[in-house]
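Values quoted throughout were computed directly from the atomic coordinates according to the rules given, and no laboratory measurement underlies them. Note that the structure is predicted; figures quoted are calculated from it, not measured. We place every Cβ from the backbone using ideal geometry, glycine too, and count neighbours over all the protein chains shown.
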Amino acid sequence: MGKVLIGLLIGLASSPACKKQERPDEVVVAASQSSRDNATRASMLTIARVQSSFHAAHGRYGSLAELVDGGFLPNDPSEARMSQFFIEASENAFGCYSTPTDYPASGRMSYFIDQTGKLRGSDRRGGRASATDPVIE
């Protein structure tokens, strides 16, 4: 009976069901990346909203520094150090990009939003997303 029980336990321990379990550190990394993605998406949508206000006040879209200095944003969202944010702005258009600061450790998704308000993104291996990426929100 003892040999059968030991054989059964060894068989269960090496079964595919046991091997598919995520290690605790993988779960923490996935949760951290999900949290980073949620915060980044929220920041991108906020930037698009305040760009609209900045454009109404100044007749053009603003840089990240102008949005912060003008009080349209409380701070540069890059200060969280999980994502880098870049804005290219002109009179009639803007593009805001967010990339992980340390791909893939700090995240995999890159995001893009412009004056259309459509948030786009994909895994660009740390590179910039663009207007050709799939719409997320």
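General remarks:
- Among 102, 37, 76, the ranking by other beta carbons within 10 Å of each residue's beta carbon, starting with the fewest, stands as 102, 76, 37.
- Simple spin-label estimate for residue 93 and residue 125 gives 2.7 nm between the two label positions (7 Å along the Cα-to-Cβ direction from each Cα).
- Cβ-Cβ FRET estimate between residue 58 and residue 78, R0 fixed at 22 Å, reported to 0.05: 0.50
- Taking all pairs of distinct alpha-carbon atoms in segment 38-137, Kirkwood radius in angstrom: 13.3
- Of 45, 67, the sequence from fewest to most neighbouring Cβ atoms within 10 angstrom is 45, 67.
- Sorted by Cβ neighbour density within 10 Å, fewest at the top, the residues 122, 35: 35, 122
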